[in-house]
Amino acid sequence: MIELKNIHSLSDFKRNAKEFIERIKSTQSPMVLTVNGKAEVVVQDAHSFQAICDRAEQAEAELRALKLATLQQDINLGIAQLKNGDYTEYDSETLPNLLENIKNRGQKRLAHKNESIQDIPSSRS
């Protein structure tokens, strides 16, 4: 989180760059630089910036892995449904109903999910 003491004008930064850079390095906190009173840039030490980049990269890798695992589960579910004959065949006459069937199932699931959420007791008193 950026603290108010770490917000300075670009003019101040230019005049005292060495001192500001030393402060940024020692605190490992970013500094917001303003132009005409508006935040314009953030200055951060390289080590802290790299740590943020590494965390973001790790989070992206974990998200990709979760998405892949979910996709694999969905594919396996589809294969199992095919093997068990748990599917509906559509032809040119029944295909237009497919979208409506999907929409109806989605609405039912959403309604069920909303009912479940409403059943959760509120922590507020």
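What follows is calculated from the coordinates using simple rules that are stated; it is not laboratory data. This structure is a prediction, so every number in the text was calculated from the model and none was measured. Every residue, glycine as well, gets a Cβ built from its backbone with ideal geometry; the counts of neighbours run over all protein chains shown.
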Q: Pop a pseudo-label 7 angstrom from the Cα along the beta-carbon direction at both Lys108 and Ala17 and give the gap in nm to one decimal.
A: 6.7
Q. If you keep only loop residues by DSSP, which GluC sites (Glu not before Pro) in the range 44-125 have at most 12 other Cβ atoms within 10 Å of their Cβ?
A. Glu89, Glu93
Q: Quick one: plug the Kirkwood hydrodynamic radius of the chain (C-alpha pairs) into Stokes-Einstein at 25 °C, 0.890 mPa s, and report D in µm²/s.
A: 117
Q: Taking a cut-off of 27 Å between Cα atoms, list the lysines near Lys5, but don't count ones fewer than 8 places away on the same chain.
A: Lys14, Lys18, Lys25, Lys38
Q. Quick one: Thr94, Thr88, Thr34, fewest Cβ neighbours within 10 Å first, how do they rank?
A. Thr88, Thr94, Thr34
Q | Dipole of the range 51-125, positive direction: furthest Cα of Ala65, Asn76, Leu98, with charges on the beta-carbon | A | Ala65
**Q.** 15 Å beta-carbon shell around Gln50, net charge (K/R +1, D/E -1)
**A.** -1
Q: Go through the range 65-125 and name the trypsin sites (Lys or Arg not before Pro) that are in a DSSP coil and have 11 or fewer other Cβ atoms within 10 Å of their Cβ.
A: Arg124
Q.
Please list, in order, the residues from the range 42-72 whose amide nitrogen is less than 17 Å from a point placed 7 Å along the Cα→Cβ vector of Leu10.
A. 42-44
Q: With label points built 7 Å along Cα→Cβ from the Cα atoms of Leu71 and Ala59, find their separation and express it in nm.
A: 2.2
(Q) Rounded, prolate or oblate for the range 4-44? Axes are the square roots of the Cα gyration tensor eigenvalues, ordered a ≥ b ≥ c, and the cut-off for rounded is a/c under 1.5. (A) oblate
